[in-house]
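The values are calculated or read from the model by the stated rules, or taken from the named source; none is laboratory data. Predicted, not measured: the structure shown is a model, and the values here were computed from it. Glycine also receives a Cβ, built like all others from the backbone with ideal geometry; neighbour counts cover every protein chain displayed.
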Number of protein chains: 2
Amino acid sequence: MSEPTISAPVPRGRPRSERSHRAILEAANEILEERGFVDLTMDEVAQRGGVSKATIYRWWPTKGMLVFEAFTANFLARQPTPDTGSLRGDLLAALRSWIRTVKGTVTGRTLVGLIAEVQRDPDLAELWRERFVTRVRAQHRLIFDRALGRGEILADVDPDVMLDLLFGSAYHRLLQSHLPLTDRFAQAVVDMMVAGVQSGHAATNGNGKKL
Amino acid sequence: MSEPTISAPVPRGRPRSERSHRAILEAANEILEERGFVDLTMDEVAQRGGVSKATIYRWWPTKGMLVFEAFTANFLARQPTPDTGSLRGDLLAALRSWIRTVKGTVTGRTLVGLIAEVQRDPDLAELWRERFVTRVRAQHRLIFDRALGRGEILADVDPDVMLDLLFGSAYHRLLQSHLPLTDRFAQAVVDMMVAGVQSGHAATNGNGKKL
């Protein structure tokens, strides 16, 4: 995602290139807002951003990569991990923020479109894991650090399994659309996890209770 | 998915149509095995099945719908719900069957390809919910009926939330590829759920513990 190396001083080149870069991302976000991922075309981004398609392809080789960058920063900023003082409060706040961000929103449709694209584009999949999944999970991991600090959970609780349960169940409803992402659902998921983890022998990296 | 209505007797038409139908599904399954969902084309299915593309489109308007039918019956047959005598055993058996079916397999890649396609094709999405998600969930719901019958869980445990936790977390790893679908993962998820549900106040439709 870095700009191409400039081998000689080009006084006006760099600012223009930055303007183009920003114009492309803004055009992409506008089109995403209006019509979503599937109907976004590079032609229209070029036209609206006032740049050539070649300019777009210089930075983003595929539509998936362009949308990925337009989407990610915005999405991450909307997933805070406020310190509510309890594991239950923190988990519920995180899941509610996520549901608010994606349920019936353009952001949600873009997220779904990107996940679909990730399944057929190995380069985008790598970017997705490194710059989206890893980052959002690092943000949410704080919740378990704090719970451990408060003595609410044991050190052998696996935060990765916890995050898969919390967000996996929510992504499942988003992607399969079999049931709605209600607040009742969020509470049931969190209640279940808190009860499970506080019983002291779950999510323990498989080192707890044996078969 | 039913055959077109035949208004007059066509003695040799029906058997030939059934042969074509089967030949198309077999050709689709072969191509899926060899190269997977993304690279399957209707042209090749027609060629290998010895039928015209028009014949394929008579039954399946899109590639997604054709692959859906070739995939579904096969997948469902591989998700049994054996009665192991305990909730923990039943959940673990179900999750292990699912992992075995999808991890590193063509079936797993086809599942992923179909889920991606479902996000951009509303007709396929409807079929997916009605004939795949609903059916596989109905099979797995037996686990909670049996647990209730044995007195292992309370009547207010919500099987839908339980299934979202169990399979949502697993689909999450399959689709985001951030971590592997290990047996240790399966055990941690199941341990967590069993501990949570047996503490008696989780997954209760939100009617349990209040905020």
**Request:** Quick one: which helices (runs of 4 or more DSSP H) lie wholly within segment B:108-211 and hold at least 1 residues that are more than 10 Å from every other protein chain (Cβ to nearest Cβ), in contact with a His (Cβ under 9 Å, 6 or more places away or on another chain) and at pLDDT 95 or above?
**Result:** B:159-176
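Considering each residue of segment B:68-105, count those that are of a type in the set (A, V, I, L, M, F, W, C) and more than 16 Å from residue B:188 (Cα to Cα), and give that number. I'd like the intermediate steps shown before the answer.
First pass over segment B:68-105, keeping only residues of a type in the set (A, V, I, L, M, F, W, C): B:68, B:70-71, B:73, B:75-77, B:87, B:91-95, B:98-99, B:102.
If we keep only those that are more than 16 Å from residue B:188 (Cα to Cα) too, we end up with B:68, B:70-71, B:73, B:75-77, B:102.
Residues that pass the stated criteria total 8.
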**Message:** Take residue A:77 and tell me if it is surrounded by fewer than 17 Cβ atoms within 10 Å (Cβ to Cβ), modelled with pLDDT under 90, under 23 Å from residue A:118 (Cα atoms) and out of contact with any helix residue (DSSP H, G or I) (no Cβ under 9 Å at 6 or more places or on another chain).
**Reply:** yes
**Message:** Can you tell me which residue is surrounded by the most Cβ atoms within 10 Å (Cβ to Cβ) among those in segment A:132-165 that are in contact with a helix residue (DSSP H, G or I) (Cβ under 6 Å, 6 or more places away or on another chain), free of Cβ contacts under 8 Å to residues at least 40 places away in the same chain and within 21 Å of residue B:104 (Cβ to Cβ)?
**Reply:** A:164
**Item:** All positions within segment B:111-131 that are surrounded by fewer than 16 Cβ atoms within 10 Å (Cβ to Cβ), free of Cβ contacts under 8 Å to residues at least 24 places away in the same chain and closer than 14 Å to residue B:62 by Cα
**Value:** B:122, B:126
**Request:** State yes or no: is residue A:20 part of a helix (DSSP H, G or I), closer than 30 Å to residue A:180 by Cα and modelled with pLDDT of 90 or more?
**Result:** no
**Fill in**
In segment A:118-134, anything within 14 Å of the chain's Cα centre (by Cα) and either closer than 12 Å to residue A:175 by Cβ or not small (Gly, Ala, Ser) (or both) is listed as A:118, A:124, A:126, A:127, A:128, A:129, A:130, A:131, A:132, A:133, A:134
**Request:** Count, please, the residues in segment B:82-92 that happen to be surrounded by fewer than 18 Cβ atoms within 10 Å (Cβ to Cβ) and at negative phi.
**Result:** 5
